[in-house]
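The values are calculated or read from the model by the stated rules, or taken from the named source; none is laboratory data. Quantities reported herein were computed from a predicted structural model and do not represent experimental measurements. Cβ: placed from backbone, ideal geometry, glycine included. Neighbour counts: every protein chain shown.
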Amino acid sequence: MNEIGDRLKEARKAKGYTLDDLQQKTKIQKRYLIAVEEGNLEVLPGNFYARAFIKQYADSVGLNGEDLIKEHMDALPQTSNSSYSKSVHKAQTRSKTKNSGFFATLKDSLPTLLIILLVIAIIFAIYLAITTGDDSDLDSFINEDQPSTIIEVDDNEEAVSDQDEAADDQETAEEQTDDTETADEEESVEDVAENQEQVLTEVSSTETATTYTVSGPRPSEQTIVLTAEGGQSWSSITIDGDTAQGLIEDGETLSGPVDENVSSIYIVVGNAPVTTIELNGQEVPYNTSDAEAVRQEVTIEFE
């Protein structure tokens, strides 16, 4: 392993870089650069940082980091395979949040309102046509074409018929009332569900670690996305024990799916000043201002 460190150190000196210069160029802390040169990889935050720091070091001093790692593959610590893939988005790296509020609701409801207004206009036109027609001609047509018929009905049978019709009308009115109440209750429940939103709450924060809780509805499909802008960032996402990790180049993203059964997400950011975190399109704020504390840990727990 010290062979890699010696080659990196010689290449750095050939470029005329000091460790401070290389720290500024790679955003890797000086003590980690010294550990890489001396072969003390146990000093690094984790096994997966060994390959990332060696590659970034080598690329910065004019060596081919990928070839250097391949030559000494057996001497480097092994990392776990990721169950997620890294997605690259060059044109657009931030997802836009959906429009919400009164105007969005009005826009979605506009087609329905237009259909209702059209139906009302048609009914009103039919009503005007009927009421303004020539009633005398209609009566004349009925009287001329239809013969008069007289039907004698027993008084008792007529009373029973009236009672049956009244009972039928009452049952119909009760059924209509029950249907209306049920529909109102279903609409009320749907309105409450739609008005609920997922809430991200910060519960603790230090210079290098931030913890959040997420409350509210749990969509069946969610995403956690890390985006690098303005530099490189070796980062990882651990979702209930499964880890996705890799070096995020400028303009690239590292993401993982989050279903309704996930209880926690643990994120390690290797270069905080150039890395943003988003949960379902909502940005997750954390400490990115301290140039020395480039490594940040973010924990998200679902209630």
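Brief remarks on what is shown
- Checking each residue in the stretch 30-44 for being buried (at least 16 other Cβ atoms within 10 Å of the Cβ) and not acidic (Asp, Glu) picks out Tyr32, Leu33, Ala35, Val36, Leu41, Leu44.
- Per this entry, Val298 is not counted among residues that are touching a residue at least 60 places away in the same chain (Cβ under 8 Å) and out of contact with any strand residue (DSSP E or B) (no Cβ under 6 Å at 6 or more places or on another chain).
- Selected residue [in the same structural domain as Asp21 (by TED's automatic domain parsing) and under 19 Å from Gln245 (Cα atoms)] from Ala58, Ala50: Ala50
Results for (1) closer than 19 Å to Lys70 by Cα; (2) touching a residue at least 24 places away in the same chain (Cβ under 8 Å); (3) part of a helix (DSSP H, G or I), shown as yes or no for each residue.
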residue	(1), (2), (3)
Leu8	yes, yes, yes
Leu22	no, yes, yes
Glu37	yes, yes, yes
Glu42	no, no, yes
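- Looking only at the stretch 244-275, and only at residues there that are modelled with pLDDT of 90 or more and β-branched (Val, Ile, Thr), the one that is nearest to the chain's Cα centre (by Cα): Thr253
- Number of the condition not met by Arg12 [criteria: (1) within 20 Å of Ser233 (Cα to Cα); (2) of a type outside the set (Phe, Trp, Tyr); (3) buried (at least 19 other Cβ atoms within 10 Å of the Cβ); (4) touching a residue at least 24 places away in the same chain (Cβ under 8 Å)]: (1)
- Test: residue in the stretch 271-292 that is in contact with a helix residue (DSSP H, G or I) (Cβ under 6 Å, 6 or more places away or on another chain), surrounded by fewer than 15 Cβ atoms within 10 Å (Cβ to Cβ) and within 30 Å of Thr26 (Cα to Cα): no
- Selection status of Gly216, at pLDDT below 90 and within 22 Å of Gln29 (Cβ to Cβ): no
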